[in-house]
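I have placed the structure first, in the form of structure tokens, so that the comments after it can refer back to it.
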Amino acid sequence: MPVMLVRTAILYVAVVVGLRIMGKRQIGDMQPNELVITILVSEIATIPIQDSAQPIINGLTAISLLVALEVILSVLAMKSGKIRRLVNGGPVIVIRHGIIDQRAMKDLRITIDDLLANLRQNQIFNLEEVEYAIVETNGCVSVLLTPENRPVTHADGGKRPKDKGLHTPVVCDGKLQLKFMEAMSIPPERVEGILASRKLDKNEVFLMVLDSMGNCEITLKESKK
Amino acid sequence: MKRLITAGALLLFVAVSCVAGQIIVTHYGDDMTDSLNSAREAILSQNYDEAAKSVKAAEDEYAKKEWVLSCFIDHNLVEELGEQLAELPSLAAEGSEEEFLSHLDAAKIKIVHIIKDNRFSARNIF
């Protein structure tokens, strides 16, 4: 039993590290080959876990090879358009000016039901509202509405709203978020100055958020309220 | 670039573990086969003490190498071979030549199989 636990822990670390090396992506954003590799890696990891007679190095070697090949392929695809198209394919327009391109749909083997379901997920229930619909390489459908159906924006009214910038969490659970602060060029002294002006210690703060206008929101820890 | 370096390191790990596995298994297998061959010759020349000594040495050697072999070979195979080798010294001491030879040949066949299964070959790939 302890042997199985140690083997499982080793493979868990290997899978987590492997997926981390492959990069951050959510399931829905993955290219088909990335999804397959992710599933393969987890499947391979289960073999030495289930069968304790299998040398663990077999699993580790296979996982390492898959991750390495995936990383190399993704780097090659990033550098070369040809390889990118070969591996990931390209986006395909399936609706032009409200008219469905049946040939493109046949090539993609997408049924009208799939397309309509995708449009409904984009809050579109009438094909005439669609200027363009494009099937992306990860299978998602991007939609551009006709000008009369696009939502009104501030730009349409010729207005420019005040930009409050990014709200940056500078203190979380009593700890300064130095990485975020550095990225947003917020010096720690400024945060400490704001806290001092409110007679607060950072250990009393549950969450402190700063925006680029200098506005600050502070939520205290429950025990300190 | 960092990811590419990591991928290179992973490929290096893969290459090292594959090459090391093949070399170790082949080398250890050949050593075991040599020891078993000398035991075979001894028993054929009715030298039972010498045969018992040879197989005991092979068994001791195998016990030392078992851990390393387990890193690359199915643990069940490693254990089965160990059990087969453990039976040989008593058979040699008893002087039961036929039984000794059949056990010895079975152990040799197992070693050959292990080496073959671990070899980089078209048969193993496909």
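The values are calculated or read from the model by the stated rules, or taken from the named source; none is laboratory data. Keep in mind it's a predicted model, so treat the numbers as computed, not measured. Virtual Cβ from ideal backbone geometry, glycine too; neighbours counted across all protein chains shown.
Filtering the range B:32-56 to residues that are part of a helix (DSSP H, G or I), surrounded by 15 or more Cβ atoms within 10 Å (Cβ to Cβ) and out of contact with any helix residue (DSSP H, G or I) (no Cβ under 7 Å at 6 or more places or on another chain) leaves only B:LYS53. Among residues of the range A:34-53 that are within 13 Å of A:LEU19 (Cα to Cα), those with a Cβ under 9 angstrom from a residue that is surrounded by fewer than 13 Cβ atoms within 10 Å (Cβ to Cβ) and at pLDDT 90 or above, sequence gap 6+ or separate chain, pair up as A:ALA45/A:TYR12.
If you filter the range A:17-33 down to residues that are in contact (Cβ under 8 Å) with a residue 60 or more places away in the chain and surrounded by 13 or more Cβ atoms within 10 Å (Cβ to Cβ), you find that the one that is farthest from the other protein chains (Cβ to nearest Cβ) is A:PRO32. Whenever a residue of the range B:64-84 is facing chain A (nearest Cβ under 9 Å), its partners that are surrounded by 17 or more Cβ atoms within 10 Å (Cβ to Cβ) and part of a loop (DSSP other than H, G, I, E, B), lying with C-beta atoms within less than 8 angstrom and at least six residues away or across chains, give the pairs B:SER70/A:PRO55; B:CYS71/A:PRO55; B:PHE72/A:PRO55; B:ILE73/A:PRO55; B:ASP74/A:GLN54; B:ASP74/A:PRO55; B:HIS75/A:GLN54; B:HIS75/A:PRO55. Report whether or not A:GLY165 is under 30 Å from A:LEU35 (Cβ atoms), at pLDDT below 90 and assigned to a loop (DSSP other than H, G, I, E, B). No; evaluated as a whole, the condition is false for this residue. Criterion first (farther than 30 Å from A:LEU69 by Cβ, under 10 Å from the mean Cα position of the chain (by Cα) and either surrounded by 17 or more Cβ atoms within 10 Å (Cβ to Cβ) or not hydroxyl-bearing (Ser, Thr, Tyr) (or both)) does B:GLU59 satisfy it? No, not satisfied. Under the condition of being out of contact with any His (no Cβ under 8 Å at 6 or more places or on another chain) and assigned to a loop (DSSP other than H, G, I, E, B), which residue from the range A:34-87 is farthest from the other protein chains (Cβ to nearest Cβ)? Per the stated criteria, the residue is A:SER80. Kindly indicate whether A:LEU73 is surrounded by 15 or more Cβ atoms within 10 Å (Cβ to Cβ), within 20 Å of the chain's Cα centre (by Cα) and farther than 22 Å from A:VAL13 by Cβ. Spelling it out, A:LEU73 is indeed surrounded by 15 or more Cβ atoms within 10 Å (Cβ to Cβ), within 20 Å of the chain's Cα centre (by Cα) and farther than 22 Å from A:VAL13 by Cβ. The number of residues in the range A:76-101 being under 24 Å from A:GLY18 (Cβ atoms) and surrounded by 17 or more Cβ atoms within 10 Å (Cβ to Cβ) comes to 4.
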